[in-house]
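Data block below; observations after.
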Amino acid sequence: MWVNPEEVLLASALWMTERANPYFILQKRKGHGDGGGGLAGLLVGTLDVVLDSSARVAPYRILYQTPDSLVYWTIAHGSSRKEITENWEWLEQNLLQTLSIFENENDITTFVKGKIQGIIAEYNKSHDIREDDDTDKFKEAIAKFRKLFIMPEEEKLVNYYSCSYWKGKVPRQGWLYLSINHLCFYSYLLGKEAKLVIRWADITQLEKNATLLLPDMVCVSTRCSEHVFSVFLNINETFKLMEQLANIAMRQLLDNKGFEQDRSLPKLKKKSPKKVSALKRDLDARAKSERYRALFRLPKDEKLDGHTDCTLWTPFNKMHILGQMFVSTNYICFTSKEETVCSLIIPLREVTIVEKADSCNVLPSPLSISTKNKMTFLFANLKDRDFLVQRISDFLQQTTSKIYFEREITGSLSSSDDEVYSQQGSALSCSPQRSALSSEGERDRQFNLNESRVPTATQALMTMYRRRSPEEFNPKLAKEFLKEQAWKNHFTEYGQGVCMYRTEKTKELVLQGIPENMRGELWLLFSGAINEMATHPGYYEDLVEKSMGKYNLATEEIERDLHRSLPEHPAFQNEMGIAALRRVLTAYAFRNPNIGYCQAMNIVTSVLLLYAKEEEAFWLLVALCERMLPDYYNTRVVGALVDQGVFEELAHVYVPQLYDCMQALSVISTISLSWFLTLFLSVMPFESAVVVVDCFFYEGIKVIFQLALSVLDANIHQLLSCKDDGEAMTILGRYLDSVTNKDSTLPPIPHLHSLLTDNRDPHPEVDIFKLVRISYEKFGSIRADVIEQMRFKQRLRVIQAIEDTTKRNVVRTIVTETPFSIDELEELYTLFKAEHLTSCYWGSTSNPMSRHDPSLPYLEQYRIDLEQFKVLFALLFPWACGTHTDDLALRVFRLLDHNADALINFREFISGLSVLCHGDLTEKLKFLYKIHILPELHHEQEEPDSACEATQYFFEDITPETSSVQNLPRSKEQSREGRWFFKKMHTPDYRMYLRLWNQETKAKLENMKDLPKLNQSQFIELCKTLYNMFSEDPNEQELYHATATVTSLLLEMGEVGKLFCSPAHKTDEDEDDEDDRIPACRSKQERTRCKPCDVETNSCVTGPLEDIKLEDSSPKDTAMSSAMLISDDETKDDTSMSSYSVLSTGSHELDDKLQCEDIAEDTVLIRNGGPYAGAGHHGKAGLPHSASIDKDWAITFLQFLASVLTEQALVQYFEKPVEISGRITNAKNVRKVGHQHMSLSDYEISLSD
């Protein structure tokens, strides 16, 4: 291909000249091609790999040089001789003569460079090639990657690194290629080539280790092997990228969300020397945004734009604090270098003024930001202040536009923009006693009945159950009052609302306990839920309105658990509290159907409703499920299982003397799920557990880990003496029951867990504040980033364990239904799942979400569509052969798709494969017969009789609505409309009809006589299938001969059968039943009477007729019948397997002799002497194609079976057992260029000597 001219200093170094003329030279790389160039060639090949030379992917090139110049220019390179020769010939024909006209060499050079650049520009324009951000060097790497590992264009390379791969004790220097879905390694050293391909979805462990021999080493483990890479130039960058890509793969396994590249990143400069790809920049930006969102608890769609070092003036201590400013689409945030000193979040919706202040020596490059609640923040020491101000101004303009837009779409809101957004901020800055001091009338108004809006609770439920009598004022209330005053003073000093300064003092106040009146508001603030609520006005009410009256599995589970949610609390002993809980849980189930509803959500939500308004409780639940406890509440509680593994790791580090004992008793895995899922609410007294929730909303999951470790540490001696898990659980349960909150002003609420413990003396009381304080003192060193690192490691383990469990359960379910061994079933399941995943990677005709639903039973979790089935059919099914494989795959797919959803699960897949691999002769022939009697999907020339008969056989339990179709009148137009039901696979009407042969999956045996008859059109398709099935068999000629004999026999049987189904025999029945039958389909009783005679029965024929039939249809007496399709041994040539007469539906001419491999798609086999054969072998057909199908002709399965049994070659073919293990091995190693192909995990290292 042509390339932009690049200067080359040494034209002959490591290259050999093959052609030359005065201006151009064609060269080949040494060591490439036949012979390899000896030792020099091996060394050159090794250097190309080690030094990442482009010659590895393009070993041919064309250079341009003027006669008197020493400088050469590369103008084309190619991966093959054919490609580079085309370029060379074009130059000789179109450019060489023109160059002789020029007199000045500089003019020649300018002309050649301009011409080549023009060709490239024209090619890019005609092929719609867009300019991207990838550098030329990286584009070369992409080309190498695709060529070396035969990857399709959809597989995106992220980056590549030089490293060594350890094969045993021998290191191989090469290149590690990291793509979105695969980890690949390539090495070429002195003629030995090594390749490795591992799919990210199959990695079970990814670790960075260090030994004395290898200080920097990455270990990649799969289920069956372990791979070690070392000698990285930048191991930290490489390992972080590997972690990120493995995380994406785990996310895909978990919820089927594929990777989509972010195209909104700013472009790199064209002359950027870096080899980094646009995709790598995208992933880096994602990682930074993820850390940014986690640090400041921001909405999950917030993207970091950039960050810069600066100082912040803090008025509470009159200091300039060094830290970093972060700017994103909707927020400006700051955190100090020392994490606990100060952090700040300024939503742009709150910003009123951004201005550059005057610089001075004390305060260089200052920037002032003012907000609606009269707070001003002063930043200084900004490196690029002008650019920063411009970016903030741009984002502010976008924010203003969003506010106006939201105001328009939520026109029912009566407040102005300022009120909508400033009120949300000032809600936190108003008096903490706002709820307590509200009027009696406001307290009684628990619902907001705004016009047609649905009723929602406008107060926290706790406000209606708090004791308010002044005479009950006691020391606890006094202490509560002092807490409220402390928070008021804190607001005065550090600011109020979202924009408050968050310091060590804030943390101290949280650890002392948040006042009851302020708990809901501060939960909103610290969790970040207030930001999502402020930017989505009216969202919750709309969601409640839409979800009202809707029923699904989630709502059923919610109804079942409503009365189990804090039943001991008076707020949930009446319909008001229950109704609010129902609305919040149902609204969230409709917002996030991937989670829907999970047990434990009801307990957490009921506590949120006690302290927050209904809408606030909803947004707190959103923050909890989607950001603070990710994946905790999905169908398989993956997040909780991951954190359970993290807790085990932390226990091993912090309480090592207890760890072995706990593991032996399996206590950690038992306790952690209930502790983490409900944030201790289900195991501690209520008034104590809410203190834990206070700390959790402020500091996140580390608080839960710290507290859990403290509980184990406090009971270490008793636990070490435990003999079983029951005793350990009792000790921990008694301890948690004794945790009290002496400062609580709430009436004592009986704790359900405490009622279930034994009658021994109660455990001494443990103060919750003391317990929390101890957890910070002993285990406060646990860092959030360390937890995230541990989570990644455990996520790999948990998700792969879930996948293994799914596989075992699927295999266990169907192992009794199939002759395949357990090992074979596991291998087949791996292939089945791999094909599903590959379609997720590289596109598919159906939505991956519809094919993978983890909430379904194990057998249904992975399903494949037709396109994926075709790939597996070609690899595994023994009948796959020749050009008709796809057509046969379609027929088999339709038969296996029992529930007619255009997807098949693993059981359906195995049921078909079992018949073809281990079924006996009758089962295989019945399978072959069935796939041809299904109603046609695409053929216009459809016979209504056979279609109705097959439909009634396969779809016995048709609903009344669908069966009403049978009453259609017999007009041509409506008959054509009737065929529409069978044309497209994905139409709902077709699915309603399709109820395939689930009788096969039942224990009862199927009566072969009940199978529908095969009409002539279907028989022709069956014949085509048979002829194509044998095209690669060693006994091909014998099988063709046998097939021709059986075909002629069956054709004669069908002819004889017509004698007993003539119109004269049917007139009376037709007239009698005309009003209540489908005109195109005879009644079942009549079909039974008029069915062609079976070869094995004499129910409808007399003795003489039997003799006639047997005489006419005998394959031996070929001289007696001119109607038979015969094999003519005398006319065979070397290449023809058999000769027979055919009618081509395209030309309607009879060919006397046609080689069987020339049968086309539009060719049908007929009898020579049939009614539509015309006048002899060389005459033209007397009837058009529309009349070439005999509508009265039909055969039964028993006739088909008996005919096949007459030919030993066919009997041996169908009785021959199929060895599936060889096909599985072949399928594992198959790689198809330019096709959706299976990227099976962990290819063996291939070494070519």
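For the range 260-299, taking the residues that are part of a loop (DSSP other than H, G, I, E, B) and modelled with pLDDT of 90 or more, the one that is most open to solvent (accessible area, probe 1.4 Å) is identified as Arg297.
List the helices (runs of 4 or more DSSP H) that sit entirely inside the range 743-849 and contain at least 2 residues that are at pLDDT 90 or above and farther than 30 Å from Ile1220 by Cα. Before the answer, list the steps.
Values: elements: 768-779, 784-814, 822-842.
Passing ranges, in order: 768-779, 784-814.
Of all residues in the range 627-636, those that are of a type in the set (D, E, K, R) and either open to solvent by less than 20 Å² (accessible area, probe 1.4 Å) or under 20 Å from Phe697 (Cα atoms) (or both) total 2.
Yes or no, residue by residue, for (1) hydroxyl-bearing (Ser, Thr, Tyr); (2) more than 34 Å from the chain's Cα centre (by Cα); (3) at pLDDT 90 or above; (4) open to solvent by 40 Å² or more (accessible area, probe 1.4 Å):
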residue: Val638; (1), (2), (3), (4): no, no, yes, no
residue: Met662; (1), (2), (3), (4): no, yes, no, no
residue: Thr678; (1), (2), (3), (4): yes, no, yes, no
residue: Phe697; (1), (2), (3), (4): no, no, yes, no
residue: Leu707; (1), (2), (3), (4): no, yes, yes, no
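I'm checking my understanding of the structure. Among residues of the range 640-660 that are among the aliphatic types (A, V, I, L, M) and assigned to a helix (DSSP H, G or I), which one is most open to solvent (accessible area, probe 1.4 Å)? The qualifying residue most open to solvent (accessible area, probe 1.4 Å) is Val653. Of all the numbered requirements in (1) over 29 Å from Thr329 (Cβ atoms); (2) touching a residue at least 40 places away in the same chain (Cβ under 8 Å); (3) open to solvent by less than 10 Å² (accessible area, probe 1.4 Å), Asn517 misses one, and that requirement is (3).
Residues of the range 202-258 that are basic (Lys, Arg) and assigned to a strand (DSSP E or B): Lys208 alone. The residue pairs whose first member lies in the range 140-168 and is within 20 Å of Met1 (Cβ to Cβ), whose second member is open to solvent by 30 Å² or more (accessible area, probe 1.4 Å) and small (Gly, Ala, Ser), and whose beta carbons are closer than 6 Å, counting only pairs six or more residues apart or on different chains, are Glu140/Ser54.
Return the residues of the range 525-552 that are under 23 Å from Ser682 (Cβ atoms) and not small (Gly, Ala, Ser); say none if nothing qualifies.
Applying the first criterion (under 23 Å from Ser682 (Cβ atoms)) to the range 525-552 yields 526-527, 529.
Residue satisfying the conditions is Phe526 alone.
Restricting the first member to the range 823-834 and to residues that are within 16 Å of Phe877 (Cβ to Cβ) and open to solvent by 10 Å² or more (accessible area, probe 1.4 Å), and the second to residues that are of a type in the set (Asp, Glu) and in a helix (DSSP H, G or I), no beta-carbon pair is closer than 6 Å while six or more apart or on different chains. Applying a threshold of 8 Å to beta carbon distances and a minimum spacing of six or more residues, or different chains, the list of pairs starting in the range 767-778 at a residue that is closer than 14 Å to Leu736 by Cβ and ending at one that is among the hydroxyl-bearing types (Ser, Thr, Tyr) reads Asp767/Thr740; Ile768/Ser688; Ile768/Thr740; Leu771/Ser710; Ser775/Ser710.
With the requirement that a residue be of a type in the set (Val, Ile, Thr) and more than 50 Å from the chain's Cα centre (by Cα), what does the range 58-100 give you? Working first, answer last.
Step one: filter the range 58-100 for residues of a type in the set (Val, Ile, Thr), giving 62, 66, 71, 74-75, 84-85, 98.
Thr66, Val71, Thr98 - these are the residues of the range 58-100 that are of a type in the set (Val, Ile, Thr) and more than 50 Å from the chain's Cα centre (by Cα).
Every listed requirement among (1) under 15 Å from Met1 (Cβ atoms); (2) at pLDDT 80 or above; (3) surrounded by fewer than 12 Cβ atoms within 10 Å (Cβ to Cβ); (4) of a type outside the set (Val, Ile, Thr) is met by Ser126 save one, (2).
Would you please name the residue that is nearest to Leu525 (Cα to Cα), looking only at residues in the range 336-354 that are open to solvent by 20 Å² or more (accessible area, probe 1.4 Å) and among the hydrophobic types (A, V, I, L, M, F, W, C)?
By that ranking, first place goes to Val341.
Scan Leu890, Leu875 and give me the residue that is aliphatic (A, V, I, L, M), open to solvent by 10 Å² or more (accessible area, probe 1.4 Å) and under 24 Å from the mean Cα position of the chain (by Cα). Even if it seems obvious, please write down each step before you answer.
Working: Leu890 fails: under 24 Å from the mean Cα position of the chain (by Cα).
Result of the check over Leu890, Leu875: Leu875.
The residues of the range 801-822 that are under 29 Å from Val642 (Cα atoms), out of contact with any Leu (no Cβ under 8 Å at 6 or more places or on another chain) and not β-branched (Val, Ile, Thr), listed by number, are Ala801, Asp804, Lys807, Arg808, Asn809, Arg812. Filtering the range 525-569 to residues that are open to solvent by less than 60 Å² (accessible area, probe 1.4 Å), closer than 30 Å to Lys507 by Cβ and in a loop (DSSP other than H, G, I, E, B) leaves Gly528, Leu566, His569. Evaluation of Glu153 against the conditions (1) in a strand (DSSP E or B); (2) surrounded by fewer than 22 Cβ atoms within 10 Å (Cβ to Cβ); (3) within 25 Å of the chain's Cα centre (by Cα) shows that the sole unmet condition is (1). Taking the criterion of being open to solvent by 30 Å² or more (accessible area, probe 1.4 Å), free of Cβ contacts under 8 Å to residues at least 60 places away in the same chain and under 33 Å from the mean Cα position of the chain (by Cα), the residues of the range 169-215 that qualify are Lys208, Asn209.
Once the range 915-931 is narrowed to residues that are within 32 Å of the chain's Cα centre (by Cα) and open to solvent by less than 10 Å² (accessible area, probe 1.4 Å), the residue that is farthest from Asp865 (Cα to Cα) is Cys917.
Only residues that are modelled with pLDDT under 70, surrounded by 14 or more Cβ atoms within 10 Å (Cβ to Cβ) and of a type in the set (Gly, Ala, Ser) were counted across the range 1170-1216, and they come to 5. Taking Thr399, is it open to solvent by less than 20 Å² (accessible area, probe 1.4 Å), hydroxyl-bearing (Ser, Thr, Tyr) and either closer than 20 Å to Thr308 by Cβ or modelled with pLDDT under 90 (or both)? Judged against the criteria, Thr399 is a match.
What is the residue count in the range 997-1034 for residues that are modelled with pLDDT of 85 or more and over 23 Å from Ala1194 (Cα atoms)? Summing the residues that are modelled with pLDDT of 85 or more and over 23 Å from Ala1194 (Cα atoms) in the range 997-1034 gives 0.
If you filter the range 301-328 down to residues that are out of contact with any helix residue (DSSP H, G or I) (no Cβ under 6 Å at 6 or more places or on another chain) and under 18 Å from Ala529 (Cα atoms), you find that the one that is most open to solvent (accessible area, probe 1.4 Å) is Asp301. Which residue pairs have Cβ atoms closer than 8 Å, lie 6 or more positions apart in sequence or on different chains, and pair a first residue in the range 369-390 that is under 14 Å from Leu312 (Cβ atoms) with a second residue that is in a helix (DSSP H, G or I) and open to solvent by 70 Å² or more (accessible area, probe 1.4 Å)? Going by the 8 Å Cβ cut-off, there are no qualifying pairs.
The values are calculated or read from the model by the stated rules, or taken from the named source; none is laboratory data. Treat the numbers as computed from the prediction; the structure is a model and nothing was measured. Every residue, glycine as well, gets a Cβ built from its backbone with ideal geometry; the counts of neighbours run over all protein chains shown. Remember, those area values only see protein heavy atoms, side chains included, never the ligands or the DNA or RNA. Shrake-Rupley method; radii C 1.70, N 1.55, O 1.52, S 1.80 Å.
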